Amino acid sequence: MELWIPITIGAALAQNLRFMLQKHLKGGKLSTGGATFSRFLYSAPLVALLVAAYVGATRQALPDPGARFWIFALTGGLAQVLATMCVVALFAERNFAVGITFKKTEVLQTALLGFVVLGEGISLGALCAMLLGFVAVVLLADPPKAGGQGGWKRYLNRATGLGVLSGVLFACSAVGYRGASLSLGDLDFFLRSAFTLSCVTAAQTIGMALWLRWREPGEITRVLASWRVAALVGVTSMLGSLGWFTAFTLQNAAYVKALGQIELLFSFLATVFVFRESTTRREIVAMLLLTASILLLILFK
């Protein structure tokens, strides 16, 4: 089995746990911005310590990033912040599993952006697997209670808009992170991944702190007061992000994102057994289709 496969699955699991914790924070006293900020505030120091420890243990020099690195890294970091805010806001619109599924429109968008920006194509088998996953997402684009509306109007709702927008932004972040990591040259792949993550999370923490200070006075204090759950958000965020960054360094971002749809299975289990939320037959069929698309991707990549 190629190394990027188990790394991606582990990243998806960690990310799902982080979204569960953020859903808890969003349902408490924190705003969308505060719940989003918590993942960066508590993960940035951990990633910096990890990089320092790894460099010391392996006796390697830190990378010397150029302008290309910073353009890709900062663009990806901003896109990820905005995408995460969309997903947190989405939790108030649909149940947990469906909210996570909507953002999976990022798979095809990542493939397109990867081709345009980095010149990386995908195989025909992988494209078929991604299209099957896209069909599953379309099945979920209809809210449980459509209010009797028919035709295209049934697909125009706030949940769909937030989900698709988050997909676009997550695609931008994935391509940005892969581009940043690749720009560091032929260094140790883990060092490239961790260093890129450290730079990105530091920038995200500073940027969001300034934003919250300006737009939501007192929210940073509320994030600090919620440290018990917020710190866990930071830990799971670090583990998930490190997995994603490492996978992006090793493999085409579109393949990583497509396999990452296994997160849907984790979110379905969380919906049923943790949040005790109901799912419809349509949603279950869509999840089965997404599972099939994941297996096809691994077999015919």
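Details
- Within-14-Å neighbourhood charge of V175 [Cβ basis; K, R +1; D, E -1]: +1
- Structure-based [θ]222 nm, the chain - -39500 (n - 2.57) summed over DSSP H runs of at least 4, per residue, nearest 500: -25500 deg cm²/dmol
- Using Cβ point charges alone (K and R +1, D and E -1), the dipole size of the chain about the Cα centre works out to roughly 840 debye.
- For Q60 and L3, a Förster radius of 30 Å and the Cβ-Cβ distance give a FRET efficiency of 0.95, rounded to the nearest 0.05.
- Here the contact order of segment 147-277, divided by its residue count and restricted to Cα pairs under 8 Å and six or more residues apart, works out to 31 percent.
- In the chain, lysine pairs closer than 26 Å at Cα, eight or more apart or cross-chain: 19
- Rh (Kirkwood; distinct C-alpha pairs) - the chain, Å: 19.4 Å
- 3J(HN,Hα) from dihedral phi, segment 111-125, Karplus parametrisation 6.51/-1.76/1.60, rounded to Hz, x for glycine, proline: 4, 5, 5, x, 6, 5, 8, 10, x, 9, x, 10, 6, 5, x
- Accessible-area rank, largest first, for R39, R68, R192, R222: R68, R222, R192, R39, with all protein chains present and a 1.4 angstrom probe.
- The phi-based Karplus calculation (6.51 cos²θ - 1.76 cosθ + 1.60; θ = phi - 60°) puts the 3J(HN,Hα) values of segment 63-79 at x, 10, x, x, 4, 4, 4, 5, 4, 5, 5, 6, 5, x, x, 5, 4 Hz, whole numbers, x for Gly and Pro.
- Remark: segment 225-240, residue by residue, has Karplus-estimated 3J(HN,Hα) of 5, 9, 4, 4, 7, 4, 5, 5, 4, x, 5, 5, 5, 4, 5, x Hz, where x stands for each Gly or Pro and the curve is 6.51 cos²θ - 1.76 cosθ + 1.60 at θ = phi - 60°.
The values are calculated or read from the model by the stated rules, or taken from the named source; none is laboratory data. Predicted model, so just to flag it, every value in this text is computed and none were measured. Methodologically, a virtual Cβ is constructed for each residue, glycine included, from the backbone with ideal geometry; neighbour enumeration extends over all protein chains shown. With ligands, DNA and RNA removed, areas are computed over all heavy atoms of the protein, side chains included. Shrake-Rupley method; radii C 1.70, N 1.55, O 1.52, S 1.80 Å.
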